[in-house]
Amino acid sequence: SVTEMANEEFPNDTAAAIASVSIGRRYLNPLNELVKIPPKSLGLGMYQHDLSEKVLDDKLSLTSIDAVAEVGVDVNSCSVTILGKVPSLTPKLCSKIMQARPLKSRNDLLKISGFGPKTFQ
């Protein structure tokens, strides 16, 4: 099956084509692709279903936020999904960053309305 997000990105492609793109992206940038997959579809093992879907989703979301905070993101090439995992970035600010791309340096972020020195830290 294909996620709603994948259908939005590739509205005219078959499920097989979308799955192929996802597999290729997982090879190139696993974190960026895996955060888009619903937890119930990850296939984490036989104990995955011992947790409620909400608890699993919350824990995986926090884990991906920690991972993004540790490794960082390339704001010029990352998806809005992965950008949304950056601590202290709101959905509105993520949208503004996406619209401001390409950025030449990190300091260009300070030119975006609502992106102040505290957020820059």
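The values are calculated or read from the model by the stated rules, or taken from the named source; none is laboratory data. The shown structure was predicted, so the numbers you read here are calculated from the model rather than taken from an experiment. Don't worry about glycine lacking a Cβ; one is built from the backbone with ideal geometry, like all the others, and counts go over all protein chains shown. The area values use the complete protein model at the heavy-atom level, side chains included, leaving out ligands, DNA and RNA. Shrake-Rupley method; radii C 1.70, N 1.55, O 1.52, S 1.80 Å.
Some notes on this structure:
- Taking the C-alpha atoms only, the angle from helix 53-71 to the longest principal axis of the chain is near 40 degrees.
- Carbon + sulfur, % of accessible area of the chain - ligands and nucleic acids excluded, 1.4 Å: 57 percent
- FRET efficiency estimate (nearest 0.05) - Cβ-Cβ, Ala19 to Arg106, R0 25 angstrom: 0.10
- Straightening the chain between Leu51 and Leu28 buys 5.3 nm, computed as 0.36 nm per residue apart minus the Cα-Cα spacing.
- With contacts taken as Cα pairs under 8 Å and at least 6 residues apart, the chain reaches a relative contact order of 16 percent.
- Tilt relative to the chain, helix 91-100 - C-alpha long axis, 0 to 90 degrees, to 10: 70 degrees
- Each 5 Å bin from 0 upward holds the following percent of the Cα-Cα pairs of region 47-99: 4, 20, 25, 20, 13, 10, 6, 2, 0.
- Partner lysines for Lys104 [C-alpha distance under 26 Å; skip if fewer than 8 residues away on the same chain]: Lys85, Lys92, Lys96, Lys118
- Surface per residue (accessible, 1.4 Å probe) for region 81-121, Å²: 67 Å²
- Taking the helices alone, the chain has a mean residue ellipticity at 222 nm of -14500 deg cm²/dmol, built from -39,500 (n - 2.57) per DSSP H run of at least 4 residues and averaged over all its residues.
- Region 21-121: chymotrypsin sites (Phe, Trp or Tyr not before Pro) in DSSP loop, at most 14 other beta carbons within 10 Å: Tyr47
- Using every pair of separate Cα atoms, the Kirkwood estimate puts the hydrodynamic radius of the chain at 16.0 angstrom.
- Along principal axes, Cα extents of region 12-66, largest first, whole Å: 34, 23, 20
- Computed FRET value (nearest 0.05) for Glu70 with Asn7, which takes r as the C-beta separation and R₀ as 30 Å: 0.45
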